[in-house]
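The values are calculated or read from the model by the stated rules, or taken from the named source; none is laboratory data. The structure displayed is predicted, hence computed values, not measured ones. Every residue, glycine as well, gets a Cβ built from its backbone with ideal geometry; the counts of neighbours run over all protein chains shown.
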Amino acid sequence: MVTVVIPAYNEEENIKNIIDICKKNKIVDEIIVVNNLCTDRTEEIAKKEGAKVIFCGKQGKGYAMEEGIKYAKNDCIVFLDGDINDYSENVVELLASPILENKADFVKAAFDREHGRVTFLVAQPLLDILFPNMKKYSQPLSGMIAGKKEVFEKIKLEKDYGVDIGLLLDVINMNLRIEEVYIGKIKNVSKDWRLLQTMCSEVMKAIIKRSNIR
């Protein structure tokens with residue numbers, strides 16, 4: 001069986017739909033919503049929909065992911081972003097199947113959408129220089145992933161916007177089996193432009209930290 005973890009910061013508009021999608025997957029018997037200092041009705045709605053809600057008192061996706069990993073009861077964990085409301089109904093199955101079938105230790109989502117500004121302008125050019133083999137991953141900053149709990153527990157996660165690319169690079173450096181699976185087309189709301197400098201900086205730090213640059 002599968003545990004789905006949804007790190008959430010003020011996702012009251014999306015959280016019900018995401019939980020409903022998870023509940024339609026027969027392989028899911030645990031849904032954890034991590035309340036990452038929400039100030040809206042995310043926790044209230046998540047509880048009403050039957051999810052287990054865990055409070056994370058430190059702001060940052062990496063902190064929220066760590067809490068989800070700690071409380072997950074299953075060996076297979078799927079992470080879904082809380083700011084997307086148009087996941088396909090079989091998204092959990094698509095991400096989890098390679099883990100459950102013992103074909104992979106870590107799964108990264110690929111999907112149709114315009115590349116995000118940080119991916120296109122910062123992450124991809126830097127990865128092309130420092131990690132040229134990363135070209136095969138079409139969405140390196142994607143937060144929709146699946147993996148074995150024991151794998152996640154071995155990795156020290158970045159706590160900020162660098163968490164997703166840092167995790168992928170760490171798994172690659174561990175020489176684990178990785179699959180990229182296509183989950184369809186999604187629409188992601190672009191972050192406020194004022195956050196871009198912080199996002200770019202944190203993503204670059206995570207990439208450079210794992211390179212040979214000193």
Check: How about the range 17-55: which of its residues are in contact (Cβ under 8 Å) with a residue 24 or more places away in the chain, hydrophobic (A, V, I, L, M, F, W, C) and more than 19 Å from Cys76 (Cα to Cα)?
Finding: Leu37, Cys38, Ile45, Ala46
Next item on the list: Would you mind finding the one in Ile165, Ile84, Ile99 that is over 22 Å from Thr198 (Cβ atoms) and either modelled with pLDDT under 90 or of a type outside the set (Phe, Trp, Tyr) (or both)?
Entry: Ile99
Margin query: Tell me yes or no: at least one residue of the range 133-155 is among the aromatic types (Phe, Trp, Tyr), at pLDDT 95 or above and over 15 Å from Ser211 (Cα atoms).
Written below: yes
Next item on the list: Identify all residues within the range 134-177 that are surrounded by fewer than 13 Cβ atoms within 10 Å (Cβ to Cβ), in contact (Cβ under 8 Å) with a residue 24 or more places away in the chain and over 19 Å from Ala72 (Cβ atoms); write none if there are none.
Entry: Lys136, Asn173
Item checked: Subset of the range 101-111 (residues that are surrounded by fewer than 19 Cβ atoms within 10 Å (Cβ to Cβ) and either in contact with a helix residue (DSSP H, G or I) (Cβ under 9 Å, 6 or more places away or on another chain) or free of Cβ contacts under 8 Å to residues at least 60 places away in the same chain (or both)) -> Glu101, Asn102, Lys103
